[in-house]
Every structure is written in C-alpha cells, then in structure tokens.
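The values are calculated or read from the model by the stated rules, or taken from the named source; none is laboratory data. Just so you know, these numbers come straight off a predicted model, no measurement behind them. Every residue, glycine as well, gets a Cβ built from its backbone with ideal geometry; the counts of neighbours run over all protein chains shown.
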Amino acid sequence: MIDPVMTAPALGALAQAYGPAERWAGARNWNTSWGLGGSVTWWIIVSTILVTLVAVLVILIQQRRQRERRSRLSFLADSDCVGLTDEERNLLSYVAKAAGVGSYETVFTMEAAFEQGMTALLHSEHVTSMSEEGRVYMSALLGSLRDKLGFHLADAQETMISSSRQIAQGARMSVVQRGEPNPFEVTVAQCTAMELVVEPEVDVETGQGESWLVRYCDGGSIWEFNAPVLRQRDGKVALGHSEHVRFINRRRFPRIKVRREALVAPFPFSRTSHQHDTPEFLPATLAELAGPGLVLEAPIQLGVGERALVVMKMKQQRVIGGLGKVRRFTAGPSGMNVLAVELVGLNASEMAELVRETNAAAQEDKTESTAPARAAAAVAVQTASV
C-alpha cells in the first residue's frame with residue numbers, strides 16, 4: 001500500500017521539477033489519452049451545424065405550409081366569388097395542378113395558365129381513357145369554367161389569339177387542304193374543349209390524321225394554325241385544337257370614297273361632374289370607308305387614341321353604329337376637321353357586314369366612274385354611224 005503522507009511531498013517535488021511548458025504538454029497528453037481534445041471540438045461544431053440545418057428546414061416547411069394554406073383559402077374564396085360549383089372547383093384545382101403554377105389562384109386571372117392546364121389535362125391518360133360521353137361532359141364542364149372565369153374573349157377585335165379554343169361558334173375560316181390548289185371556306189359548327197367541328201361549304205374528302213392549314217380572320221387581323229383531322233361525319237369535320245396559333249398580318253381593306261351622313265360624339269373614359277351624362281352627337285360626313293376604318297369630316301376636335309361614338313347611314317335606310325378610336329386627326333378649314341377612326345370591339349358578323357358595305361361601295365364607285373366612259377363611247381358610236 002502507498003503511504004499518502006509520503007506520496008504528497010513526492011508529487012509536489014515532481015511538479016516543481018517541470019516547467020510550465022512541460023506541464024501544458026502533459027495536460028494535453030492526458031486529455032488525448034481520455035478521448036477528448038480536438039475530437040470533442042469537432043463533435044460540437046458538427047452538432048451545431050446539424051441542429052441549425054434542422055431548425056432552418058423546420059422553418060421552411062412551416063412557411064411552405066402557411067403559403068399553401070393561404071393559397072387554398074384564396075382559391076376557395078375566388079371560387080365562391082365567381083360562383084363555381086363543387087364539381088367545377090375540383091376540376092379547376094386539377095387544371096391548376098396540370099398547369100404547374102405555384103399558386104392555384106393564378107388560374108383565376110391568367111388565361112395562359114388556364115389554357116395550359118386545360119390542354120395538359122385533356123391530353124392526360126385519365127381523360128383520354130374516358131368514354132366519349134365522359135369526354136363530352138368534361139368538355140362542357142371546362143367550357144362552363146372558361147365562361148365563369150371570363151376568358152371567352154374571342155369577340156374582341158384586338159384580342160391576342162393563342163389557341164383555336166378561342167374561336168367562337170359561327171365564325172368563318174379559310175382552309176387549305178394538302179394537295180388541293182384552291183382554299184375553301186368552312187363555318188365553325190361547334191367549338192368545345194376537345195375539338196373544333198367545322199362545316200365545309202363544298203364537298204370535301206379527307207381522312208383521319210390529315211392536317212389542314214386554317215386561317216381565321218378576327219377583327220382586322222389574320223391568324224393561322226395547323227389542325228389535325230379527327231373524323232368526318234354527316235358533312236362535318238372534327239378538327240383537333242392547336243395551341244400554336246400564328247399571327248399573319250393585318251387585313252387590308254380597299255379605301256372607298258363615299259359621301260354619307262353620319263353622327264359623332266366624344267366618348268371619354270372619364271369626365272367631370274359638370275359635363276353631360278349622355279354623349280352629345282354632332283353632324284358629320286362619312287368621307288371614306290375601309291371595313292372598320294372610317295374617315296369622318298366633323299366639327300369636333302379629338303386627339304389620337306381618344307374614343308368616339310359613331311353612327312353612319314348606309315344603303316337601304318340602314319344605320320350602323322359603334323365605338324371607335326381616333327387613329328389620325330387633321331385640322332381643317334372653318335372648324336371642319338378630318339378624323340381617321342377605327343371601329344373596335346366588333347365581332348365576326350359585324351366585321352363581315354362592314355366588309356359587305358365596303359365591297360358594295362367599291363362596286364358602286366366603279367359603276368359611277370365607268371358611266372361617263374360608257375356614255376362617251378355611245379356618243380362616238382352614234383356619231384360614226386351618222
């Protein structure tokens with residue numbers, strides 16, 4: 001047995017025999033021998049990093065759940081606001097998911113997102129495996145959704161068309177069939193989310209899988225797209241939709257000189273409280289007609305881009321009126337100014353009526369211009385015979 005009384009003085013003498021450097025080195029050796037020192041420091045650093053990463057991950061998950069919750073609540077509120085049924089709301093959520101948008105409520109305000117999601121959904125395996133009755137019902141339900149969301153804008157003259165689904169029933173289109181030199185006209189009999197059914201004006205022979213080149217005039221613009229033939233039945237042809245509609249150019253109308261009575265009234269977006277509530281029409285003269293393009297002579301001053309209501313007297317006691325935008329203004333003598341106005345907001349039938357009026361005016365102008373020549377020719381013949 002070691003005597004503690006003898007051991008303590010010995011240890012003290014031993015400690016005094018070593019200097020500070022030797023004692024520090026011995027302490028380091030003692031820590032290392034028991035598994036401490038550097039390894040403990042690294043373990044603390046690694047543990048701290050792991051705890052920090054876990055905390056950050058938990059915070060991110062919580063924030064993501066909060067965003068998803070707010071998105072769901074906003075989606076439900078917007079659904080109630082536009083009057084969606086439970087079935088329509090569920091379908092719209094699938095459309096939003098198929099579109100891959102970050103927030104589901106985006107499909108309420110972005111038509112491109114809605115169209116993208118609808119196209120992806122219609123081409124999904126779940127929908128393509130449905131029966132024909134199921135696809136028809138799905139098409140009707142998607143059509144109802146589009147109308148309730150306010151995305152059915154095919155009648156606006158300046159609408160940018162991005163899909164053949166925006167073409168309205170009753171619209172007329174021109175078709176170029178592969179291998180045929182002459183185009184033919186078709187009328188849209190039905191436009192659903194699944195297909196575009198057209199009725200050709202002439203007998204057409206086609207087969208499934210054939211591709212048609214279709215041109216559609218919307219207001220003053222021409223659009224073009226390729227559409228595959230799905231089937232032909234009872235004189236009608238079902239075409240597949242296209243999401244790659246190409247803008248070709250603006251329609252060019254002949255500018256015909258006319259002299260017809262008209263009325264024009266400023267129609268600003270806002271007005272002061274002391275101004276009249278009803279537009280004040282002033283007499284004008286329609287001097288030129290070119291489809292939706294008009295040249296008016298009127299005692300009124302309007303800047304480029306301003307709006308005006310225009311009423312024109314046509315042939316056969318007919319009257320045409322519409323909203324126009326001033327494209328050019330020229331001050332004339334005695335306060336009689338010249339305004340170049342383009343009628344806006346016209347649908348296909350209204351545009352067709354203006355085209356007919358332009359063509360009729362052109363024919364009338366041609367007849368009037370050739371009448372003196374015919375009269376001179378008749379006089380010359382009579383003179384020669386004498």
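As an exercise: evaluate residue 77 against (1) among the small types (Gly, Ala, Ser); (2) modelled with pLDDT of 70 or more; (3) touching a helix residue (DSSP H, G or I) at 6+ places or on another chain (Cβ under 6 Å) and give the number of the one condition it does not meet.
(3)
Specify which of the listed residues (248, 300) is surrounded by 10 or more Cβ atoms within 10 Å (Cβ to Cβ), at pLDDT 85 or above and either more than 33 Å from the chain's Cα centre (by Cα) or of a type outside the set (Phe, Trp, Tyr) (or both).
300
I want to confirm something. Restricting to segment 157-208 and keeping residues that are assigned to a loop (DSSP other than H, G, I, E, B) and among the small types (Gly, Ala, Ser), which single residue is surrounded by the fewest Cβ atoms within 10 Å (Cβ to Cβ)?
By that ranking, first place goes to 179.
From the residues in segment 316-358 that are of a type in the set (Val, Ile, Thr) and free of Cβ contacts under 8 Å to residues at least 24 places away in the same chain, which one is nearest to residue 263 (Cα to Cα)?
Looking at residues that are of a type in the set (Val, Ile, Thr) and free of Cβ contacts under 8 Å to residues at least 24 places away in the same chain, I get 319.
Are any residues in segment 330-353 among the hydrophobic types (A, V, I, L, M, F, W, C), within 18 Å of residue 283 (Cβ to Cβ) and crowded, with 17+ Cβ neighbours inside 10 Å, and if so, which ones?
339, 341
Taking residue 262 and the conditions (1) hydrophobic (A, V, I, L, M, F, W, C); (2) at pLDDT below 85; (3) in a strand (DSSP E or B), which numbered condition does it fall short on, given that it satisfies the others?
The single condition residue 262 does not satisfy is (2).
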